[in-house]
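Here, each number is a calculation from the coordinates, and none is a lab measurement. Model, not experiment: these values are computed from the prediction. As a convention, Cβ positions derive from the backbone with ideal geometry for all residues, glycine included, and neighbour counts pool all protein chains shown.
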Amino acid sequence: MLEFIEGELTAIKEAGLFRELKTIEKISGAKVTIAGKEYLNFCSNNYLGLAGHPKVKAKAIEAINEFGFGAGASRLICGNTTIHEKLEAKLAKFKNREAAIVFTTGYMANLGTITALVDENDTIIIDRLNHASIIDACKLSKAKLQVYPHLDMKALENILQKSGMYKKRLIVTDHVFSMDGDIAPLDQIAQLAKKYQAITMIDDAHMVGKGRGAGEGIDVVMGTLSKALGSLGGFVCGSQKLINYLRNKARSFIYTTALPMAACAAAIAALEVIEEGPERLKTLWENIKYFNAETPIIPIIIGDATKTMEIAQKIFEQGILVSAIRPPTVPKGQSRLRITISAMHSKEDLACLASLLQPLILTLEKP
Ligand SMILES: *Cc1c(COP(=O)(O)O)cnc(C)c1O
């Protein structure tokens with residue numbers, strides 16, 4: 001009965017969209033080893049290098065020694081420990097909110113939160129380039145999905161004006177867009193939401209440090225522990241009422257095993273490292289400025305999927321790992337190299353990447 005798979009796979013391959021895994025054998029700061037050869041890594045979301053920080057590793061090991069590895073049950077049964085609660089308190093404080101709730105991944109945080117907030121009587125209004133986890137959550141919620149062009153506040157207001165018949169209106173946006181590295185105008189979104197009585201939610205997965213502004217006037221702040229914090233897990237911060245509600249209603253919180261205590265301990269340690277000194281953040285921002293960028297995510301749009309893969313492969317052969325992003329992760333004809341900058345990159349690493357990219361960008365400008 002699975003004959004259809006072969007046809008599907010052929011079609012995927014012919015469109016230049018076949019995906020394969022690369023196997024990392026060793027990680028050492030900004031370098032990874034693949035098939036015995038060392039590469040400079042420019043595609044990790046471990047922006048601050050905290051995944052390999054000695055304190056982060058030590059605290060995770062300490063938690064394993066104290067509690068074992070798996071939590072053994074969901075949070076509401078018997079998987080809730082002092083470490084989970086310490087992490088939630090710390091996240092709430094970090095984001096300057098009353099309370100926080102931790103999920104097992106960021107994907108599940110979006111899924112559980114959005115489906116808990118809206119149903120078929122409501123509408124969700126989203127930016128066209130929002131992350132896949134938001135789109136999946138919207139579909140699962142059964143709310144009417146309305147999409148505005150990327151960052152287009154006029155279009156958002158238009159949709160809001162015509163959405164009075166829905167019981168609730170929920171606006172959801174990436175804060176820093178994961179494939180474009182640009183930033184949503186949160187102040188304007190908050191103002192529009194106030195004017196049209198909508199609920200607002202931001203996905204702050206790509207925050208580094210405290211993120212840009214704590215999202216004043218935003219009701220629901222989602223984030224991940226898996227990127228700049230170098231651990232695993234997702235979270236939502238907001239009012240105590242919101243968090244109590246999500247504990248009771250978010251199905252991806254209720255019906256899954258709690259995050260391992262080691263992941264919580266690692267995230268707590270990562271937050272402490274950030275609080276202890278600004279050096280890593282400072283290095284990251286210096287590295288971002290080297291490329292005149294606004295965030296650690298730098299897209300180089302190529303267009304064609306096959307060509308994008310070829311270019312990424314050429315760069316790979318020169319010893320640098322960048323990601324080739326193709327549909328459906330980005331819209332058709334928008335395939336790109338996605339470069340991520342981290343605090344682990346040295347000035348030599350950045351110069352090495354720049355020297356490889358320069359001739360490439362010149363050829364792109366002359367079609
Ligand atoms: C990575 C990402 C997520 C998912 O977070 P995980 O913790 O990796 O599951 C959600 N939203 C955005 C914008 C992301 O980039």
Treating only the Cβ atoms of Lys and Arg (+1) and Asp and Glu (-1) as charged, compute the dipole magnitude of the stretch 244-300 about its Cα centre; round to the nearest 20 debye.
440
Gaussian network model of the chain, Cα within-10 Å springs - most flexible of Glu216, Glu98, Glu62:
Glu216
Given a Förster distance of 25 Å, report the FRET efficiency between Asp119 and Thr256 from their Cβ-Cβ distance, rounded to the nearest 0.05.
0.75
Between Lys195 and Leu9, how many nm apart are label points set 7 Å from Cα along the C-beta direction?
5.3
Please state the equivalent ellipsoid semi-axes for the stretch 28-103: what are the square roots of 5 times the Cα gyration tensor eigenvalues, largest first, in whole Å?
30, 18, 12
Full-extension gain between Ala89 and Glu62, please, as 0.36 nm times their residue separation minus the C-alpha to C-alpha distance.
7.7 nm
Go ahead and run the numbers for FRET between Cys78 and Ile361, Cβ-Cβ distance against an R0 of 56 Å, rounding to 0.05.
0.50
Separation between Cα centres of the stretch 2-38 and the stretch 304-367, rounded to whole Å
17
So which lysines can Lys144 reach, going by Cα to Cα under 28 Å and dropping same-chain residues fewer than 8 places off?
Lys154, Lys162, Lys167, Lys168, Lys194, Lys195, Lys241, Lys249, Lys332
How much of the DSSP bridge set in the chain is antiparallel, in percent, rounded to the nearest 5?
60
Can you give the Rg and Dmax of the stretch 54-275 based on its C-alpha atoms, in angstrom?
17.2, 56
Can you give the FRET efficiency to the nearest 0.05 for Glu25 and Asp187, using r as the Cβ-Cβ distance and R₀ = 35 Å?
0.15
The stretch 54-275 - charge dipole about Cα centre, Lys and Arg +1 at Cβ, Asp and Glu -1, debye rounded to 20:
400
What ³J(HN,Hα) values, in whole Hz, does the Karplus curve 6.51 cos²θ - 1.76 cosθ + 1.60 give for the stretch 127-133 when θ = phi - 60°, with x put for Gly and Pro?
5, 4, 9, 4, 4, 4, 5
Pairs of alpha-carbon atoms within less than 8 angstrom and 6+ residues apart define the contacts here; what relative contact order does the chain have, in percent?
24
Taking the alpha-carbon distance from Lys31 and a cut-off under 25 Å, which lysines remain once sequence neighbours fewer than 8 residues away in the same chain are dropped?
Lys22, Lys55, Lys57, Lys59, Lys227, Lys282, Lys289, Lys314, Lys347
Roughly how far apart, in whole Å, are the Cα centres of the stretch 146-209 and the stretch 104-126?
14
Highest to lowest packing among 166-177, 293-304, scored as the average C-beta count within 10 Å
166-177, 293-304
For a paramagnetic label modelled at 7 Å from the Cα of Ala35 toward its Cβ, which residues of the stretch 307-339 fall within the zone defined by backbone nitrogen distances under 16 Å?
310-322
